[in-house]
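Below is one structure, written out as structure tokens; the observations come after it.
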Amino acid sequence: MRAVSALNAITPALPGTGAAAETTPETMPEAAELPLEGFRIGVTSHRRSQDLIEALERRGAEVLHAPALKIAPVQEDLSLIEDTRAIIAARPDLCIATTAYGMRRWCEAADTFGIGEQLLETLGATRMFVRGPKARGAVRAAGLADVGISSDETTATLVDMLLAEGVRGKTVAVQLHGYTDVRQLERLRMSGATVLTVTPYRWVKPDGADRLPRLIEAACSGNLDVLTFTSAPAVDAMWSTAHEMGLYKQLVESLRTNVATAVVGPITAQPLIDAGLQPLVPDRFRMGALIRLVVEHLALNHVRRLDTASGRVELRGRSLRIDGDAVELAPAPLLLLRAARRRRRRAVPGVAVRTAGTPRFRPCTGHDGQPAAFGPAGRPAGGNRGEARLPDPGVTHAITGR
């Protein structure tokens, strides 16, 4: 492995063109075996977090895990059993099942407290509506049947369906999913329905209270490439913690400019959209689709390949390779290199920039605007410890401008 603590620039290898050959999405070679190598991804989920972490790590990512919330144990959730008994007693006319996990957990909790058969008998007598195919699968696995499914996997569409057939004077049971869509419940009530709700899983603060603040600090400092969310309450919990730390504005700005956010579906996306962000949302609201979207986004937007005089250079997140050999970079020069590639034609203080139509090198200047002093072999006076450790010091002389 090549080691270096500072990297100032990359020399273009195409004489006379004024620019290095850069691989674009159209000319990009087939994806590497580890498409997320060099990238650092934050995971905020608690349930099924290990599945997501392992999938990201198998693809080469470094993962920072800080569950924003966790699900309370069934045995401690007495309100779940009380709400279930109320629904059994009310014998609702209609029932909305929003999530597969919530449906399974509801039935399991009822079994734990000895009312599982009563719950299934009650639900079997109602007209069941499901939010998506996974919820439909859970309903049918419980031996129940549904009469309608949302076309876009949203609660709002299900409520539209119920209102279209009329709910006045009817009792509607709604299985919530940890993030209450109050507006949809109010639409049912305003249309004359009696609404009963049950929340099969309730969010509580996780163990290890210092992990989420550390993840927030990493996001604020730009030490993440992507931050993932699989539930809207996790986003709200992160906002709340950031407010307590006095970092809310800084966090939102970093997520707007430096760190991408990726979510499993539109419900999870909403708190981010409300904060002015534009998260990545897969077409299919599944974890596998979320992972594929993250891979595609980083490959298309955060991988730079250049053919230079010193060899083929590839910058992927926090990793740099020259002719396939990994180069260790300290955080400061890595940030400098990434910023220089983003700025392209814009000069960076203390760095020589090659642009079309200019001499091969433009004199470097310091922060005071004066020419920088150079020592032997064209190195800045005072030396550059990182450059001295490079196999070819010439790799540090100019940043490609385009």
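Assorted remarks:
- Failed item in (1) in contact (Cβ under 8 Å) with a residue 24 or more places away in the chain; (2) closer than 29 Å to Q270 by Cα; (3) of a type in the set (D, E, K, R), with K170 passing the rest: (2)
- Selected residue [among the small types (G, A, S), at positive phi and surrounded by fewer than 16 Cβ atoms within 10 Å (Cβ to Cβ)] from G246, G311: G246
- Qualifying residue in the stretch 67-76 (condition: at pLDDT 90 or above, more than 30 Å from L300 (Cβ to Cβ) and surrounded by fewer than 18 Cβ atoms within 10 Å (Cβ to Cβ)): no
- Selection of first residues in the stretch 210-236 that are closer than 23 Å to F285 by Cα and of second residues that are among the charged types (D, E, K, R) and part of a loop (DSSP other than H, G, I, E, B), restricted to Cβ pairs under 9 Å at least 6 apart or on distinct chains, gives the following pairs, ordered by first then second residue: D225/R318; T230/R47; T230/R48; S231/R47.
- Qualifying residue in the stretch 119-142 (condition: of a type in the set (G, A, S), more than 27 Å from the chain's Cα centre (by Cα), more than 15 Å from V172 (Cα to Cα) and at pLDDT below 90): no
- Condition met for D307 (in a loop (DSSP other than H, G, I, E, B) and either touching a residue at least 40 places away in the same chain (Cβ under 8 Å) or charged (D, E, K, R) (or both)): no
- Residue list for the stretch 158-199, filter: at pLDDT 90 or above, over 11 Å from L94 (Cβ atoms), β-branched (V, I, T) and surrounded by fewer than 17 Cβ atoms within 10 Å (Cβ to Cβ): T197
The values are calculated or read from the model by the stated rules, or taken from the named source; none is laboratory data. Note that the structure is a prediction, hence the values are computed from the model and not measured. Please note: Cβ atoms are built from the backbone with ideal geometry, for glycine as well, and neighbour counts cover all protein chains shown.
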